[in-house]
Amino acid sequence: MPTYKLFLLPGDGIGPEVMAEALKTADLLGQIGVAKFETEMGLVGGAAYDSHGKAISDSDMRLAGAADAVLLGAVGGPQWDSVAFDRRPEAGLFRLRKDMDLFANLRPAVCYPALADASSLKREAIESLDLMFVRELTGGIYFGEPKAIIDLGDGRKRAVDTQVYDTHEIERVGRAAFELARKRKNKVTSADKHNVMKSGVLWREVITALHSHEFADVTLEHQLADSLGMQLVRRPTQFDVIVTDNLFGDLLSDVAAMLTGSLGMLPSASLGAPDPTTGKRRALYEPVHGSAPDIAGKGIANPIAMIGSLALCLRYSLGLDEAADKAEQAIANVLAAGLRTADIARDVSAVVSTAEMGAAIRAELRRLLA
Ligand code: IPM
Ligand code: MN
């Protein structure tokens, strides 16, 4: 049985609660002989700041770099609102993304039939929804310099963020999107604001050239990012793979997430470039939802996005496609059987806890893999 090293960063808020369910799911895979996991646990976000004053330590960065994959829960919370910008919980996430060069952020948005009525859109609009966001994650306005608040000296200040993209940054995330589309419905929609932004002009130019040189077999469509936002709520099933920059991807993937009924459902994978000799890519897996401080510690958070993130890890980092498919199937089956955590429940009397949802998914996964 293969052995893999997972580095776990539960983080803040509901992070530890949902991580516990992912860890038990990994343990189950060991018990039934799919793969063995060696796990180590580190600190990120507010938890790391409280312990040693930084959002992630150098030693935890080294462990993250040495693992086959990193699983992260969530970071942030109101108690760290006044912490200096470069030590804020989010800084831990940014360091992981940047230092590990995790430029391609995959955010699948799939509508489980059993949950179609939990969406704010009509069932007809989102039934059979299965789209994949590919968000550029290590460039653009999140990281561009200068990034500062400048004191103008006369009582006024000026804030600057810089949107900047180089050809290779657009090309590599575009390549990730086209490659994914080939395994799906073979269509990529690229979103930019080329009508306003120079970075958008280059974005469109590079994606178009990449398409004609390497991926002419894939259908490519360009949309303006604002219009794509409108189309996402108008007719979301028109999309297969959507590729866009860091900021647009942040905004639009939250919209896509909500189409599925709850942010609590959506996993994500952040991938680096494949190693030229081994083909392995650095990777971090995390739910799209945040730390949800309002419900932290209550045992009611939805663990599905975290367990779904483990499933993505099985698929994209470990090549355990069958186990990944079955983990996703187990989630779908448990939902179809009527289990609901509070965020997706319509009838509050029939709500299960984080632990109960996790246990039900594991029981179903055990059955599917037997
Ligand atoms: C996300 C989050 C982060 C982001 C926050 C926590 C900094 O919203 O992963 O989408 O903006 O990238
Ligand atoms: Mn976000």
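The values are calculated or read from the model by the stated rules, or taken from the named source; none is laboratory data. Keep in mind that this is a model prediction, so the values were computed, not measured. With ideal geometry, Cβ positions are generated from the backbone for all residues, glycine too; neighbour counts draw on all protein chains shown. The accessibility values were calculated without ligands, DNA or RNA, using every heavy atom of the protein model including side chains. Shrake-Rupley method; radii C 1.70, N 1.55, O 1.52, S 1.80 Å.
Among ARG135, ARG123, which is the only one that is over 20 Å from GLN223 (Cα atoms) and either in contact with a Ser or Thr (Cβ under 7 Å, 6 or more places away or on another chain) or at pLDDT below 95 (or both)? Even if it seems obvious, please write down each step before you answer.
Working: ARG135 fails: over 20 Å from GLN223 (Cα atoms).
Exactly one residue qualifies, and that residue is ARG123.
Just one of (1) in contact (Cβ under 8 Å) with a residue 12 or more places away in the chain; (2) not in a helix (DSSP H, G or I) trips up GLY319, so point out which.
Of (1) in contact (Cβ under 8 Å) with a residue 12 or more places away in the chain; (2) not in a helix (DSSP H, G or I), only one is false for GLY319: (1).
So, in the range 218-242, of the ones that are polar (S, T, N, Q) and in a strand (DSSP E or B), which residue ends up farthest from ligand 1 (Cβ to nearest atom)? Spell out how you get there, then give the answer.
Filtering the range 218-242 down to residues polar (S, T, N, Q) leaves 219, 223, 227, 231, 237-238.
This time we only want the ones that are in a strand (DSSP E or B), so: 219, 223.
Numbers: THR219: 27, GLN223: 20 Å.
Looking at residues that are polar (S, T, N, Q) and in a strand (DSSP E or B), I get THR219.
Quick one: is ALA360 assigned to a helix (DSSP H, G or I), open to solvent by less than 50 Å² (accessible area, probe 1.4 Å) and either without any contact (Cβ under 8 Å) to a residue 40 or more places away in the chain or closer than 30 Å to ASP99 by Cα (or both)? Spell out how you get there, then give the answer.
Numbers: assigned to a helix (DSSP H, G or I): yes; open to solvent by less than 50 Å² (accessible area, probe 1.4 Å): yes; either without any contact (Cβ under 8 Å) to a residue 40 or more places away in the chain or closer than 30 Å to ASP99 by Cα (or both): yes.
So ALA360 fits the description; yes.
Restricting attention to the range 1-58, which residues are open to solvent by less than 20 Å² (accessible area, probe 1.4 Å), closer than 21 Å to LEU365 by Cα, of a type outside the set (Gly, Ala, Ser) and not in a helix (DSSP H, G or I)?
Of everything in the range 1-58, just one residue is open to solvent by less than 20 Å² (accessible area, probe 1.4 Å), closer than 21 Å to LEU365 by Cα, of a type outside the set (Gly, Ala, Ser) and not in a helix (DSSP H, G or I), namely LEU6.
Which one of the conditions (1) without any contact (Cβ under 8 Å) to a residue 60 or more places away in the chain; (2) under 22 Å from GLY249 (Cβ atoms); (3) open to solvent by 30 Å² or more (accessible area, probe 1.4 Å) does ILE170 fail to meet, given that it meets all the rest?
If we test ILE170 against (1) without any contact (Cβ under 8 Å) to a residue 60 or more places away in the chain; (2) under 22 Å from GLY249 (Cβ atoms); (3) open to solvent by 30 Å² or more (accessible area, probe 1.4 Å), just (3) comes out false.
Determine which member of the set GLY76, GLY92 is within 11 Å of ligand 1 (Cβ to nearest atom) and in a loop (DSSP other than H, G, I, E, B). Write out each step before concluding.
Details: GLY92 fails: in a loop (DSSP other than H, G, I, E, B).
Only one candidate passes the filter, namely GLY76.
Just one of the numbered conditions (1) more than 22 Å from PHE103 (Cα to Cα); (2) among the small types (Gly, Ala, Ser); (3) out of contact with any Ser or Thr (no Cβ under 7 Å at 6 or more places or on another chain) is not true of ALA177; which one?
With respect to (1) more than 22 Å from PHE103 (Cα to Cα); (2) among the small types (Gly, Ala, Ser); (3) out of contact with any Ser or Thr (no Cβ under 7 Å at 6 or more places or on another chain), ALA177 is out only on (1).
Is there any pair linking a residue in the range 243-254 that is within 8 Å of ligand 1 (Cβ to nearest atom) and assigned to a helix (DSSP H, G or I) to one that is open to solvent by 10 Å² or more (accessible area, probe 1.4 Å) and of a type in the set (D, E, K, R), with Cβ under 7 Å and at least six apart or on different chains, and which?
As it stands, the answer is SER253/ARG107, since those pairs meet every condition given.
Please find, among ASP68, ASP81, the residue that is among the charged types (D, E, K, R), at pLDDT 95 or above, touching a helix residue (DSSP H, G or I) at 6+ places or on another chain (Cβ under 9 Å) and not assigned by TED's automatic domain parsing to the domain that holds PHE143.
Of the residues listed, the single one that is among the charged types (D, E, K, R), at pLDDT 95 or above, touching a helix residue (DSSP H, G or I) at 6+ places or on another chain (Cβ under 9 Å) and not assigned by TED's automatic domain parsing to the domain that holds PHE143 is ASP68.
Out of all the residues in the range 35-46, is one or more in contact with a Pro (Cβ under 9 Å, 6 or more places away or on another chain) and more than 19 Å from SER291 (Cβ to Cβ)?
Checked against the condition, which is being in contact with a Pro (Cβ under 9 Å, 6 or more places away or on another chain) and more than 19 Å from SER291 (Cβ to Cβ), the range 35-46 yields at least one hit.
Looking at this structure, is ALA109 touching a Gly at 6+ places or on another chain (Cβ under 9 Å) and either open to solvent by less than 10 Å² (accessible area, probe 1.4 Å) or modelled with pLDDT under 95 (or both)? Even if it seems obvious, please write down each step before you answer.
On the way: touching a Gly at 6+ places or on another chain (Cβ under 9 Å): no; either open to solvent by less than 10 Å² (accessible area, probe 1.4 Å) or modelled with pLDDT under 95 (or both): yes.
Criteria not met by ALA109.
Give the number of residues within the range 123-167 that are farther than 14 Å from THR260 by Cβ, out of contact with any Lys or Arg (no Cβ under 7 Å at 6 or more places or on another chain) and open to solvent by 30 Å² or more (accessible area, probe 1.4 Å).
Step one: list which residues in the range 123-167 are farther than 14 Å from THR260 by Cβ, which gives 124, 134-167.
Retained after the next criterion (residues that are out of contact with any Lys or Arg (no Cβ under 7 Å at 6 or more places or on another chain)): 124, 134, 136, 139-142, 144-148, 153-159, 163-167.
If we keep only those that are open to solvent by 30 Å² or more (accessible area, probe 1.4 Å) too, we end up with 124, 141-142, 145-148, 153-159, 163-164, 166-167.
Qualifying residue count, the range 123-167: 18.
I'm trying to understand the selection: among the residues of the range 186-217, which are outside any helix (DSSP H, G or I) and closer than 19 Å to ALA104 by Cα? Don't jump to the end; show me each part of the working.
Looking only at the range 186-217, we keep the residues that are outside any helix (DSSP H, G or I), and these are 186-197, 215-217.
Residues satisfying the conditions are ASN186, LYS187, VAL188, THR189, SER190, ALA191, ASP192, PHE215.
I'd like the full set of residues that are away from ligand 1 (no atom under 15 Å from the Cβ), over 27 Å from ARG172 (Cβ atoms) and in contact (Cβ under 8 Å) with a residue 12 or more places away in the chain, limited to the range 281-295.
Hit for the range 281-295 is ILE295, nothing else.
Could you please let me know if ASP250 is touching a Gly at 6+ places or on another chain (Cβ under 9 Å), charged (D, E, K, R), within 16 Å of ligand 2 (Cβ to nearest atom) and more than 17 Å from TYR112 (Cα to Cα)? Let's see the steps before the verdict.
Values: touching a Gly at 6+ places or on another chain (Cβ under 9 Å): no; charged (D, E, K, R): yes; within 16 Å of ligand 2 (Cβ to nearest atom): yes; more than 17 Å from TYR112 (Cα to Cα): yes.
In short, no.
Does the range 340-356 hold any residues that are open to solvent by less than 50 Å² (accessible area, probe 1.4 Å), modelled with pLDDT of 95 or more and out of contact with any strand residue (DSSP E or B) (no Cβ under 8 Å at 6 or more places or on another chain), and which are they?
SER353, THR354
Within the range 275-309, take every residue that is at pLDDT 95 or above and hydroxyl-bearing (Ser, Thr, Tyr) and give me the one that is nearest to ligand 2 (Cβ to nearest atom).
The residue in question is SER291.
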